[in-house]
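The values are calculated or read from the model by the stated rules, or taken from the named source; none is laboratory data. All values reported here derive from a predicted model rather than from experimental measurement. Backbone-built Cβ (ideal geometry, glycine too); neighbour counts: all protein chains shown.
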Amino acid sequence: FADQADAFVVFARTGQPGSGARGISAFFVMADSAGLTRTRLNCIGSKLVGRGSLFFDDVFVPEANRLGQENAGFVQVMQGFDYSRALIGLQCIGAAQASLDEAWQYTQDRQAFGAPIAQYQGVTFPLAEADTILTAARQLCFHTLALRDAGLAHTAEAAMCKWFAPKSAVDIIHQCLLTHGHYGWTMDTPHQQRLRDVMGLEIGDGTAQIMKLIIARERVGRAAVAHARPKEGSSKEGSA
């Protein structure tokens, strides 16, 4: 809602240049603040969200508008990622499930050579694979949320949800579009909109590459981060 919102939560650096993520604070900024301008991006999907850009030209934000502790803004938002990533996974799964249900029905309704196309394994096998993958992705998201409810660590599982579910949803919706033939390749079916919407969710809250890095870091620690400093006394080259 970049071009419609009355206020924004803005994350800005308040710490030293080398403070990294621990030098970011969150602020509540009114949209009509002097010097603030905004634009709306012409995205190919999720158009109702209204993504856009904010531009600041000597905008004054009082200290009273800071949300939470100074330099703790990024840490605060990161604490919610493990929850939102599982929800994004389920959001993508919902879109894919709708297309899959429609595709299964279409295989029964569409006639070819006097019989439903559901009789052809070349038609049903890709949908069977999609059904299997979608069920697995859904259970992964449920498992992640169950870990959260139990107060257990779920950072790696949340990252799995965020890369696996959107990618699977894109592939499945694409297959469902193909199942509908040329009719699926029209603006008259919802597959094209779902495909565009879900593709955007492959980016938001972290790309697949970042998610895989998080999973690796959770499994093997900082060794998975290429730029991590070696501990004192250790060698970058490793032991001979």
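Here are the numbers:
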| quantity | calculated |
| --- | --- |
| Selection count, region 1-29, where residues are small (Gly, Ala, Ser) and not in a helix (DSSP H, G or I) | 7 |
| Residue in region 184-196 that is among the aliphatic types (A, V, I, L, M), more than 16 Å from Ser84 (Cβ to Cβ), assigned by TED's automatic domain parsing to the domain that holds Tyr106 and buried (at least 19 other Cβ atoms within 10 Å of the Cβ) present | yes |
| Qualifying residue in region 40-63 (condition: surrounded by 14 or more Cβ atoms within 10 Å (Cβ to Cβ), under 30 Å from Gln119 (Cα atoms), touching a residue at least 60 places away in the same chain (Cβ under 8 Å) and hydrophobic (A, V, I, L, M, F, W, C)) | no |
| Residue satisfying condition, being in contact (Cβ under 8 Å) with a residue 12 or more places away in the chain and not aromatic (Phe, Trp, Tyr), within set Gly15, Gly80, Gly94 | Gly15 |
| Single residue of Ala130, Ala86, Ala98, Ala159 found to be out of contact with any strand residue (DSSP E or B) (no Cβ under 8 Å at 6 or more places or on another chain), surrounded by fewer than 16 Cβ atoms within 10 Å (Cβ to Cβ) and either of a type in the set (Gly, Ala, Ser) or assigned to a helix (DSSP H, G or I) (or both) | Ala98 |
| Failed condition for Thr107, given (1) surrounded by 12 or more Cβ atoms within 10 Å (Cβ to Cβ); (2) within 17 Å of the chain's Cα centre (by Cα); (3) among the polar types (S, T, N, Q) | (2) |
| Some residue of region 93-112 being within 30 Å of His191 (Cβ to Cβ), aromatic (Phe, Trp, Tyr), modelled with pLDDT under 95 and assigned by TED's automatic domain parsing to the domain that holds Val198 | no |
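Table: residues versus (1) at pLDDT 95 or above; (2) crowded, with 21+ Cβ neighbours inside 10 Å; (3) within 19 Å of Tyr106 (Cα to Cα); (4) over 21 Å from the mean Cα position of the chain (by Cα).
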{"residue": "Thr124", "(1), (2), (3), (4)": "yes, no, yes, yes"}
{"residue": "Arg138", "(1), (2), (3), (4)": "yes, no, no, no"}
{"residue": "Leu147", "(1), (2), (3), (4)": "yes, no, no, no"}
{"residue": "Leu152", "(1), (2), (3), (4)": "yes, no, no, yes"}
{"residue": "Pro166", "(1), (2), (3), (4)": "yes, yes, no, no"}
